[in-house]
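J.: I have a structure here, written as structure tokens, and I will follow up with some questions on it.
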Amino acid sequence: MILVDNEVVLHIDNVKAGYVVGRRFIDAVSSVSLKLFYGEVFGLAGESGCGKSTLLKVIYGYIEPPLKRIEGSLILRTKNERLSLHELSDDELKRRVWWRYMTWIPQGAMSVLNPTIRVRDHFIEMFKLYSNIDKREVYRLTTEYLEALGLSKEVIDAYPIQLSGGMRQRIVIALALLFNPILVLADEPTSALDVVTQKILLEQLLKVQKERGFTLVLVSHDMDVHGVFTDRIGVMYAGKIVEVGSTDKMFAEPLHPYTKALIGSLPRLGDKSIRKGLSGAPPDLADPPPGCRFHPRCPYAMDICRREEPPIIEIEKGRIVGCWLYVKG
Ligand code: ATP
Ligand code: SF4
Ligand code: MG
């Protein structure tokens, strides 16, 4: 896959954000730079607490205390305009960007449905806010979107409380896709579901993604999900992006010692040996270790790793890693 810059939908440059808790600053997104491309499925991987959800909130612009964005820029390129998201007010974001261009399916999204309001009314409300089409058209579009995700049109008259977790999550996804956004941020969209339902729902989501061509950022701590469903992966560790690359190349030859550990701990077909997980725990983000944040757990750690932060370098087009092992000279 050759990716060129004019296909960039979102350019995240040197974004720093975290939580201000009393006198402590939890450095959850630490100088993150990334480019997301039109029509790709970008997987965001990493252990619990590494900052995946925080990065998505910052991209979407859902920044409420104690979360604070400190610096950095986010440029969204639509077909007609170039929007500096970091400069837009909450009002402008709501009016010009959310739902139209970008949607966010937050972690635990099923709770966003009001259990006492019928499914159809969730859709009607949304159309009222963001478009002026008539009720019959709302009904037609709603049933079309629900059917694309494997739901029958009768669901439209149900209350969310009457539906299974998988059905509710499909409704949340259908709502998110309603106005054909160009970028969809999906934070663990299936993690509350059983394994079989997870797989079916992800397959359906990916089918719709291919048909409509939007860019999907798929957050998951499950490397199996990334291996099957994503085109590229960004690996996060303790608030930093430590490796980016195509899914195929990353699985064939992971570069960063942390990525190696994530992929190495996956069971392989026919391999009966016990897979070694990563020992130790991620650092406290209010007081991260100096140098490379992974050094206390890294089997390859050198002196320089304990003192200086590794630069992020491009090993080949589109393959990025932040580790002293790859710095020459
Ligand atoms: P998970 O896989 O468990 O969802 P994550 O990678 O999404 O984890 P985040 O939720 O982004 O991680 O959290 C990043 C860091 O920020 C963690 O140290 C977490 O404890 C901290 N954090 C998250 N939300 C808050 C908050 N509201 N107030 C203070 N700290 C927070
Ligand atoms: Fe390990 Fe050093 Fe690379 Fe960090 S920079 S991952 S400690 S080898
Ligand atoms: Mg999360």
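The values are calculated or read from the model by the stated rules, or taken from the named source; none is laboratory data. Not measured: the values here are computed from a predicted model. Quick reminder, even Gly has a Cβ in these numbers, built from the backbone with ideal geometry, and neighbours come from all protein chains shown.
J.: Assess whether Asp231 counts as being out of contact with any Phe, Trp or Tyr (no Cβ under 6 Å at 6 or more places or on another chain), farther than 27 Å from Arg95 by Cα, more than 16 Å from ligand 3 (Cβ to nearest atom) and charged (D, E, K, R). Give the steps one after another, and end with the answer.
T.: Numbers: out of contact with any Phe, Trp or Tyr (no Cβ under 6 Å at 6 or more places or on another chain): yes; farther than 27 Å from Arg95 by Cα: yes; more than 16 Å from ligand 3 (Cβ to nearest atom): yes; charged (D, E, K, R): yes.
Yes; evaluated as a whole, the condition is true for this residue.
J.: Identify the residue in the stretch 215-263 that is within 14 Å of ligand 2 (Cβ to nearest atom) and farther than 13 Å from Glu47 by Cα and, among all such residues, is surrounded by the fewest Cβ atoms within 10 Å (Cβ to Cβ).
T.: It comes out as Lys260.
J.: So, one more: Can you report the number of residues in the stretch 32-42 which are aromatic (Phe, Trp, Tyr) and part of a loop (DSSP other than H, G, I, E, B)?
T.: Within the stretch 32-42, the first condition is being aromatic (Phe, Trp, Tyr), and the residues that meet it are 37-38, 42.
Among the residues that remain, those that are also part of a loop (DSSP other than H, G, I, E, B) are: 38.
Qualifying residue count, the stretch 32-42: 1.
J.: Being surrounded by 15 or more Cβ atoms within 10 Å (Cβ to Cβ), β-branched (Val, Ile, Thr) and modelled with pLDDT under 95 is the filter here; which residues of the stretch 172-199 pass it? Give the steps one after another, and end with the answer.
T.: So in the stretch 172-199, the residues surrounded by 15 or more Cβ atoms within 10 Å (Cβ to Cβ) come out as 172-179, 181-193, 197-199.
After this cut, where a residue has to be β-branched (Val, Ile, Thr) as well, the list is 172-173, 182, 184, 190, 197.
Passing the criteria: Val172, Ile173, Thr190, Thr197.
J.: May I pose another question? State all residues of the stretch 87-130 that are in a helix (DSSP H, G or I), among the basic types (Lys, Arg) and in contact (Cβ under 8 Å) with a residue 12 or more places away in the chain; if no residue qualifies, say none.
T.: Arg96, Arg120
J.: For the stretch 154-245, which fully contained helices (runs of 4 or more DSSP H) count at least 1 residues that are small (Gly, Ala, Ser) and at negative phi? Break it down into steps so the answer makes sense when it comes.
T.: Numbers: elements: 165-176, 195-212, 223-229.
Where helices (runs of 4 or more DSSP H) fall fully within the stretch 154-245 and carry at least 1 residues being small (Gly, Ala, Ser) and at negative phi, they are 165-176, 223-229.
J.: Let me ask something else. Taking into account only those residues within the stretch 43-86 that are assigned to a strand (DSSP E or B) and within 16 Å of ligand 3 (Cβ to nearest atom), which is farthest from Asn180 (Cα to Cα)? I'd like the intermediate steps shown before the answer.
T.: Going residue by residue through the stretch 43-86, those that are assigned to a strand (DSSP E or B) are 43-45, 67-77, 82-84.
Those left that are additionally within 16 Å of ligand 3 (Cβ to nearest atom): 43-45, 67.
Numbers: Gly43: 20, Leu44: 22, Ala45: 25, Leu67: 29 Å.
The qualifying residue farthest from Asn180 (Cα to Cα) is Leu67.
J.: Among the residues of the stretch 59-76, is any crowded, with 16+ Cβ neighbours inside 10 Å, away from ligand 1 (no atom under 16 Å from the Cβ) and more than 30 Å from Ile263 (Cβ to Cβ)?
T.: Yes, the stretch 59-76 contains a residue that is crowded, with 16+ Cβ neighbours inside 10 Å, away from ligand 1 (no atom under 16 Å from the Cβ) and more than 30 Å from Ile263 (Cβ to Cβ).
Here is a yes/no grid of residues against (1) under 30 Å from Met167 (Cα atoms); (2) touching a residue at least 24 places away in the same chain (Cβ under 8 Å):
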site	(1), (2)
Leu202	yes, yes
Val217	yes, yes
Met223	yes, yes
Ile233	yes, yes
Ala238	no, yes
Glu243	no, yes
Pro254	no, no
Ile263	no, yes
